[in-house]
Amino acid sequence: MTAVEKTSPLPVRPRRGRTGGGLGPLLLRRLRDGVITLVLVVAIIFILAHVVGDPALVYAPIDATDEEIERIARNFGLDRPFHERFGSYFADVFTGDFGESMWQQRPALQAVGEALPDTVQLTLVGIVGAAVFGIIGGILAGSRPGSLFDRGSNFLSVTALSVPNFWLGLLLIVVFAVQFGIFPTSGRIGPSSIVLPALTIAIVHGGRIFQLVRSATVEEMSKPYVRVARSKGFPHRRVLWGHVLRNTGLTTATIAGWEYVRLWGGAVFAIEYVFAWPGIGTLTINAAHRQDFFVLQAAVIIAGAFVIVANLIVDLLYRVIDNRIKAS
Amino acid sequence: MPVNVVDTDRSASRLRAPLTAVNRRLSTIAAGRAWWGFAAFLALMAAWAIAPDFFAPYDAERLDPRNRLLGPFSDSTLGSHWAGTDSLGIDLFSQMVQGARLTFYIAIVATLLGTGIGVTLGMLAGYFGGFWDRLIMRLGEAQTAMPMFLVAILLLSLLGPSVTILIIVLPTLVWPIFARVVRAETLQIKQATYIEAAVATGCSTPAVLGRHVLPNVVPRILVLFVVEIGHVMLAEAGLSFLGVGVQPPDITWGLLIADGRPLLTVAWWLTILPGVLLSITVLSLNILSRRFEQYAGAAA
């Protein structure tokens, strides 16, 4: 019966009360959620590393004897009870002690910290490019469904997001670096080094932003207010960039934000590896090849924390742009 | 007043009618033709996956060092190699045919698992709201906040790379998307009068979810499912490319791209052709899903 009460089809007004309606309480609530999420992430990694796998085996050299492995286990305190290990692990992680990288001979956190700005820079440049491609193209295409521009750009975007990102990177290297020699093949030599990896991101993720903005626009164009605006004699351009853009803005912002978070879910790391961009992806994959568990773990947690913050910002933007959404 | 509103609405739709009809016809023709071509391509790929030995012209494990790194459309003593040969002289086309099975197998199984988890949790979250909603969505968020490539690398260096681990890791990539979409749909659907009516007439909650909510989200799920098979395929290719996914002697298209990478400047076809095949497959899945979307839209 309560379900009926809750789902009453009456117009929904922003509810105040227990949840609060302002941005301040919302920020606090989302921060709390973020911290809980981060704790979950760390717990999952602990479980992966200490329950599913045996860390002593990971730290030990490949040819280690059983006694050596046991000694390593004692050194790391792996013979202590589970809850003690869990507690000290959390204490270490949240005081910034991620262990020493065996490969780089320095704290793992330092290695990851050095790589983080490069990844952030690349992802931001890439996603801005993707948003520009996607939003302008999506609104233009969606405003005239079935037109030549719509069909052409539509097909291009579907193709763009069907292509493996790392393969697209290799293709761009072959064409622009090897064949024409316009941009460096890989590494980070000068400002032009960012062009190809960022372009790869912009093409792949721009394709998806385009698709979603386009369908949001198509849906929006069929709504009565567009007809009303048109019948009032507003020019097409004004209806498009005034009314429709504002009303799809919420969707668009969420899409771009979600896309940015998604980028951190994988694409950027493979692309970094292809272009030898000195970010977290390249670091992590090299660490994996060297079985450097501490760097791997630090990279996952730091990148995870970063994504949580990014999520939080996207969510706040979402509320700011459309405060009609009730804070739930 | 109400009469006025209806009137405006009618005249507006009358004005729009011819334009919409033309547009619809154009897009139907374009999509209709494309759809058949891509569906046929997918059918061919499925045939490759089911009976690779029938389609592969040569043994994909047979070395022929004298005929290594032959370009596309060249001939050897064995016959023609329209996709060229690799650094050991193995026919690339045969390898691509052999790679279809594992590529499709991993993608479909992993996506099915992810869909099942995502749809169930999304419906529960959307329908019940409150605690379950927050718990499930935060789990999804935690999942999304874990850069899955890095987690996969972490997992695989702990457990050793294998197809089984891949099939466990890949669904975690897709379930939050299904959960989000289904939750949003469920939130809308549960405000509908027919849900209210169902609850009022004494429908049990599983019945409401299974009979009234689920059928209404199925079109969205179907569209998403086909798209996500492609995404999972791309993810598997990425992981295999980075050396933490499928391991030789198994073959997937992603692994073929990885194998060709060191020879990129010498033998471009080893990297480019498997990538083209993978791209067209994912493109076909995307086109097909848009076709479903149109049908779903027409039905609604």
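Laboratory data are not the source of any read-out in this text; all were calculated from the coordinates shown. Since the model is a prediction, treat every value here as computed from it, not as a measurement. Methodologically, a virtual Cβ is constructed for each residue, glycine included, from the backbone with ideal geometry; neighbour enumeration extends over all protein chains shown.
Any idea what angle helix A:195-221 forms with the longest principal axis of chain A, computed on alpha-carbon atoms, 0 to 90 degrees, nearest 10? Helix A:195-221 sits at roughly 40 degrees to that axis.
Average partner chain C-beta neighbours within 10 Å, per residue of A:261-271?
Per-residue shielding by partner chains comes out at 6.
In sequence order, the range B:280-294 has phi-based couplings of 5, 4, 5, 4, 4, 4, 5, 4, 4, 5, 5, 4, 4, 4, 5 Hz under the Karplus curve 6.51 cos²θ - 1.76 cosθ + 1.60, θ = phi - 60°, and Gly or Pro positions carry x.
Entry for the protein assembly as shown at q = 0.05, 0.06, 0.13 Å⁻¹: log10 I(q)/I(0) = -0.25, -0.36, -1.58, Debye formula applied to identical alpha-carbon scatterers, no solvent contribution.
What average count of beta carbons from other chains do you get within 10 Å of the Cβ of residues in B:153-164?
Values: counts 10, 13, 6, 1, 10, 12, 3, 1, 0, 0, 0, 0.
Mean shielding by partner chains, rounded to a whole number: 5.
Report, to one decimal in Å, the Kirkwood hydrodynamic radius for chain A based on all distinct Cα pairs.
23.1
Take every residue in peptide B:193-206, count the Cβ atoms of other chains within 10 Å of its Cβ, and give the average of those counts. Mean partner shielding for this stretch: 2.
Summarised in one figure, the compactness ratio Rg/Rh of the range A:87-204, Cα atoms and Kirkwood Rh, is 1.15. Going by a ≥ b ≥ c, the root eigenvalues of the Cα gyration tensor, does the range A:77-150 fall in the rounded group (a/c under 1.5), the prolate group (a/b larger than b/c) or the oblate group? Judged from the Cα gyration tensor, the range A:77-150 comes out prolate (a/c at least 1.5, a/b above b/c). Ranked by how many other Cβ atoms sit within 10 Å of their own Cβ, fewest first, the residues B:GLU236, A:GLU100 fall in the order A:GLU100, B:GLU236. Per residue of the protein assembly as shown, the DSSP helices (runs of n ≥ 4 H) give a summed -39500 (n - 2.57) that works out to -23500 deg cm²/dmol at 222 nm.
For chain A, the longest principal axis of the C-alpha atoms and the axis of helix A:108-143 are separated by about 20°. Taking the three principal axes of the alpha carbon atoms in the range B:188-270, the coordinate ranges are 71, 21, 14 Å, sorted in descending order. Taking 0.36 nm per residue of sequence separation and removing the Cα-Cα distance, the A:ILE36/A:GLU70 pair yields an extension gain of 8.8 nm.
Between the residues A:HIS243, A:MET221, A:GLY233, the greatest Cα displacement towards the positive end of the dipole of the range A:219-258, with unit charges on the Cβ of Lys, Arg, Asp and Glu, is found for A:GLY233. When A:TRP258, B:TRP253, A:TRP277 are arranged by Cβ crowding within 10 Å, least crowded first, meaning fewest neighbours, the order is A:TRP258, A:TRP277, B:TRP253.
Averaging the sequence gap over all C-alpha pairs within less than 8 Å and six or more residues apart, then dividing by the number of residues, gives chain B a relative contact order of 20 percent. Distance between the pseudo-spin-label points of B:ARG134 and A:MET102 (7 Å out from Cα toward the beta carbon): 4.2 nm. Between the Cα long axis of helix A:23-47 and the first principal axis of chain A there is an angle of about 40°, rounded to the nearest 10. Here each label is just a point 7 Å from Cα along the line to Cβ, and for A:GLN179 and B:TYR105 those points are 3.7 nm apart.
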